[in-house]
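Q: Below is the structure I would like to discuss, written out as structure tokens.
The values are calculated or read from the model by the stated rules, or taken from the named source; none is laboratory data. Nothing here was measured: the structure is a model prediction, and the numbers come from that model. Because the Cβ atoms are built from the backbone with ideal geometry, glycine has one as well, and the counts that use them run over all protein chains shown. Protein only, heavy atoms only, side chains kept; ligands, DNA and RNA dropped before computing areas. Shrake-Rupley method; radii C 1.70, N 1.55, O 1.52, S 1.80 Å.
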Amino acid sequence: MVIEIEKDLILRRKRAEEEQWLGEIDGIDMTLTFVRTKQADAARLAQRSPVALGIPTTRPQRN
């Protein structure tokens, strides 16, 4: 899905360049940067191994 969003943004940017919509180009560039950063973050997090937290226990009752 993210790849589709990136492709759509690239096509929008091309159209904005053709129409000379400078403000739109800036906005699309910012969004593309955000999307690519999130893709890199997700790829990095996917490489992490899970952390074993153990089995929770209850504390003994104090009297």
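Q: Does V51 satisfy the criteria of being β-branched (V, I, T), on the phi < 0 side of the Ramachandran plot and not in a helix (DSSP H, G or I)?
A: Numbers: β-branched (V, I, T): yes; on the phi < 0 side of the Ramachandran plot: yes; not in a helix (DSSP H, G or I): yes.
In short, yes.
Q: Touching a helix residue (DSSP H, G or I) at 6+ places or on another chain (Cβ under 7 Å) and not aromatic (F, W, Y): which single residue out of I10, I5 fits that description? I'd like the intermediate steps shown before the answer.
A: Numbers: I10 fails: touching a helix residue (DSSP H, G or I) at 6+ places or on another chain (Cβ under 7 Å).
Checking each option against the conditions leaves just I5.
Q: Another question, if that's okay. Quick one: A16 ticks every box in (1) of a type outside the set (D, E, K, R); (2) part of a helix (DSSP H, G or I); (3) open to solvent by 100 Å² or more (accessible area, probe 1.4 Å) except a single one, so which number is it?
A: Tallying (1) of a type outside the set (D, E, K, R); (2) part of a helix (DSSP H, G or I); (3) open to solvent by 100 Å² or more (accessible area, probe 1.4 Å), A16 fails exactly one: (3).
Q: If you don't mind, there's one more thing I want to ask. Using the structure shown, decide if K38 is at pLDDT below 95, among the basic types (K, R), surrounded by 10 or more Cβ atoms within 10 Å (Cβ to Cβ) and assigned to a helix (DSSP H, G or I). Even if it seems obvious, please write down each step before you answer.
A: Details: at pLDDT below 95: yes; among the basic types (K, R): yes; surrounded by 10 or more Cβ atoms within 10 Å (Cβ to Cβ): yes; assigned to a helix (DSSP H, G or I): yes.
Yes; evaluated as a whole, the condition is true for this residue.
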